[in-house]
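Below is one structure, written out as structure tokens, with a few remarks after it.
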Amino acid sequence: MAQTLTQTDLHLPGQDHVYHGKVRDVYFLKDGRIVMVATDRISAFDVVLPEGIPYKGQVLNQIATYFLEATKDIVPNWLISSPDPMVSLGRRCKPFRVEMVIRGYLTGSAWRAYRAGERTLCGVELPEGMKENEAFASPIITPTTKEDEGHDENISKDEIIRTGLVSKEDYEQLEAYTYALFRRGQEMARERGLILVDTKYEFGKGEDGTIYLIDEIHTPDSSRYFYAEGYEERFQKGEEQKQLSKEFVRQWLIKHGFQGRAGEVIPTMTPEYCREVSDRYIELYELVTGRPFVKEPTDDLTSRIERNLLAALS
């Protein structure tokens, strides 16, 4: 099986400090740039799982690069270049402490809450009588807090503004960007025979006060896709949708008794299961981009990344 990159310890010229996230490692440079390495780690229920997924980092980074380039006419983004298949180089921004989650369909955690009787989600009133995977009349924004550790929490627009997490002016701009990005993402998915069901966007401010789109967009870690073909038939029959997202990992964990709660044990991820997850990620890359996925050599990932980064930074 291909080697995976589950941790990094790079030493870059002008390096200030490093932040190790659930999936990405971010290196901050003194000149105002950042280096973001998409590792092969995988997380679910805000827990990093013990095994890496082959080629996952490459898939995430290359999908994000593809969509950042395709949406820069809507909102400026942080990306400068991608010097390695698993790495992005960009401008440093001060992140807003909220994630803009937007949903076109009632599914996933929103459906689980709805099924349990909840009819208000992040301040948004939901109508009675909806079914799993049903489209909303129009997309809804259900923001969450952005936590460095632990679980992100649902929060309403009113709470965000009242508590000063984001100013009213900035939040309304984030809303406008979120709706526009989601429309573009849905249009691009439709051209590929897919439905962009829900996703999240993160934004930050540059030193000049400009709002930038940051992090990844429209990847399987941040988004859910259904296959358009057969959607309506499956929905009418109440069947599960054929989908490309990380939800199948969550469902596998739930089936094996794990949802990130205290005392629960992460089930064993066999090499065969990791290859299956890798294949699903690669399938999504090829479907959403229309490009064949080229597996880069994995025999010495750290050396390759350092070599490509040093060439870009010099």
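Among the numbered conditions (1) in a helix (DSSP H, G or I); (2) of a type in the set (A, V, I, L, M); (3) modelled with pLDDT of 95 or more, the only one that residue 284 does not meet is (3). In segment 84-91 there is at least one residue matching the filter, namely being open to solvent by 20 Å² or more (accessible area, probe 1.4 Å) and not in a helix (DSSP H, G or I). Mind listing whichever residues of segment 269-302 are among the β-branched types (Val, Ile, Thr) and surrounded by fewer than 16 Cβ atoms within 10 Å (Cβ to Cβ)? Those that are among the β-branched types (Val, Ile, Thr) and surrounded by fewer than 16 Cβ atoms within 10 Å (Cβ to Cβ): 270, 294, 302.
Of the helices (runs of 4 or more DSSP H) entirely within segment 145-243, those holding at least 3 residues that are buried (at least 18 other Cβ atoms within 10 Å of the Cβ) occupy 168-191. If you go through segment 107-153 and keep only what is modelled with pLDDT under 95 and either over 18 Å from residue 198 (Cα atoms) or touching a Cys at 6+ places or on another chain (Cβ under 7 Å) (or both), you end up with 147, 148, 149, 150, 151. Give the residues of segment 28-42 that are of a type outside the set (Lys, Arg) and either out of contact with any helix residue (DSSP H, G or I) (no Cβ under 9 Å at 6 or more places or on another chain) or open to solvent by 40 Å² or more (accessible area, probe 1.4 Å) (or both), sorted by residue number. Within segment 28-42, 28, 31, 32, 34 meet the criteria.
With respect to being surrounded by fewer than 15 Cβ atoms within 10 Å (Cβ to Cβ) and part of a strand (DSSP E or B), residue 80 fits the description. Across segment 235-253, the qualifying residues are those that are touching a strand residue (DSSP E or B) at 6+ places or on another chain (Cβ under 9 Å) and touching a residue at least 60 places away in the same chain (Cβ under 8 Å), and the one among them that is farthest from residue 272 (Cα to Cα) is 235. Checking the stated criteria, residue 266 turns out to be within 30 Å of residue 133 (Cα to Cα), in contact with a Pro (Cβ under 9 Å, 6 or more places away or on another chain) and open to solvent by 50 Å² or more (accessible area, probe 1.4 Å). Restricting segment 135-174 to residues that are of a type in the set (Lys, Arg) and in contact (Cβ under 8 Å) with a residue 24 or more places away in the chain, the residue that is nearest to residue 77 (Cα to Cα) is 146.
Considering only residues of segment 1-18 that are more than 30 Å from residue 271 (Cβ to Cβ) and part of a strand (DSSP E or B), which is nearest to the chain's Cα centre (by Cα)? Within segment 1-18, the match that is nearest to the chain's Cα centre (by Cα) is 17.
Selection within segment 244-258: residues that are over 19 Å from the mean Cα position of the chain (by Cα) and part of a loop (DSSP other than H, G, I, E, B). The member of this set that is nearest to residue 44 (Cα to Cα) is 258. Residue 69 falls short on exactly one of the conditions (1) at pLDDT below 95; (2) out of contact with any strand residue (DSSP E or B) (no Cβ under 6 Å at 6 or more places or on another chain), and that condition is (1). Across segment 206-256, the qualifying residues are those that are among the β-branched types (Val, Ile, Thr) and over 22 Å from residue 284 (Cα atoms), and the one among them that is modelled with the lowest pLDDT is 254. For segment 93-123, the candidate set comprises residues that are in contact (Cβ under 8 Å) with a residue 24 or more places away in the chain and more than 19 Å from the chain's Cα centre (by Cα); within that set, the residue that is nearest to residue 31 (Cα to Cα) is 122. Taking every residue in segment 2-14 that is touching a residue at least 24 places away in the same chain (Cβ under 8 Å) and pairing it with any residue that is assigned to a loop (DSSP other than H, G, I, E, B) and aromatic (Phe, Trp, Tyr), at least 6 positions away or on another chain, the pairs with Cβ-Cβ distances below 7 Å are 2/55. Starting from segment 53-70, take each residue that is under 27 Å from residue 273 (Cα atoms) and open to solvent by less than 10 Å² (accessible area, probe 1.4 Å) and list its partners that are part of a helix (DSSP H, G or I) and among the polar types (S, T, N, Q), counting only C-beta distances under 6 angstrom and pairs at least six apart or across chains. Partner pairs satisfying both residue conditions: 53/278; 54/278. Restricting attention to segment 133-186, the residues that are within 20 Å of residue 205 (Cβ to Cβ) and among the basic types (Lys, Arg) total 3.
The values are calculated or read from the model by the stated rules, or taken from the named source; none is laboratory data. The structure presented is a predicted model; accordingly, all values stated were derived computationally and were not measured. Glycine gets a Cβ as well: all are built from the backbone with ideal geometry, and neighbour counts include every protein chain shown. Protein only, heavy atoms only, side chains kept; ligands, DNA and RNA dropped before computing areas. Shrake-Rupley method; radii C 1.70, N 1.55, O 1.52, S 1.80 Å.
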